[in-house]
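So the structure is just underneath, and the comments pick up after that.
What follows draws every value from the coordinates through simple rules; no lab data is involved. The shown structure was predicted, so the numbers you read here are calculated from the model rather than taken from an experiment. Reconstructed Cβ throughout: ideal geometry from the backbone, glycine too, with neighbour counts over all protein chains shown.
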Amino acid sequence: MIIDQEENISIITQEKSTIIELVKKLEALYPKFENHNIIIKLSSLEQISTQNIVEFLRLSNTHRTAKQSFVIVSNALNSNDTPDEIIVVPTLKEAYDIIEMEEMERDLGF
């Protein structure tokens with residue numbers, strides 16, 4: 001797991017661990033990221049199932065309830081197959097765009 005921080009965004013890149021191991025590590029380290037928007041990069045995985053993405057559901061819901069963005073980047077999965085509570089986009093640029101849009105919505109009180 002590689003962690004990069006840019007201003008109020010933490011970018012977590014999955015390297016070799018499984019999705020379940022990654023989620024466990026994120027939950028253990030969550031206090032470090034709780035005040036940042038989070039981008040999870042799963043670009044190194046060629047195949048991801050919807051069940052793998054659902055592993056992030058609890059963490060995503062917790063983070064979004066705290067008024068922070070939680071975005072997964074993967075081009076190996078169709079975003080239409082994922083639960084509505086989890087945002088999955090194919091590129092890092094789109095993840096930044098989602099965060100920017102959600103920050104504007106929060107500033108406007110939505």
Quiz prompt | Counted residues, the stretch 7-35 - those being in contact with a helix residue (DSSP H, G or I) (Cβ under 9 Å, 6 or more places away or on another chain), outside any helix (DSSP H, G or I) and within 13 Å of GLN68 (Cβ to Cβ) | solution = 4
Practice problem: Return the only residue of VAL23, VAL89 being under 12 Å from the mean Cα position of the chain (by Cα) and in contact (Cβ under 8 Å) with a residue 24 or more places away in the chain. | Solution: VAL23
Practice problem: Look at THR82 and say whether it is of a type outside the set (A, V, I, L, M, F, W, C), over 20 Å from ILE3 (Cβ atoms), surrounded by fewer than 18 Cβ atoms within 10 Å (Cβ to Cβ) and in contact (Cβ under 8 Å) with a residue 12 or more places away in the chain. | Solution: no
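Specify which of the listed residues (ARG106, ARG64) is in contact with a Lys or Arg (Cβ under 7 Å, 6 or more places away or on another chain), in contact (Cβ under 8 Å) with a residue 12 or more places away in the chain and surrounded by fewer than 19 Cβ atoms within 10 Å (Cβ to Cβ).
ARG106
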Quiz item: Hey, does the stretch 85-93 have a residue that's over 21 Å from ILE2 (Cα atoms), out of contact with any Ser or Thr (no Cβ under 9 Å at 6 or more places or on another chain) and surrounded by 11 or more Cβ atoms within 10 Å (Cβ to Cβ)?
Solution: no
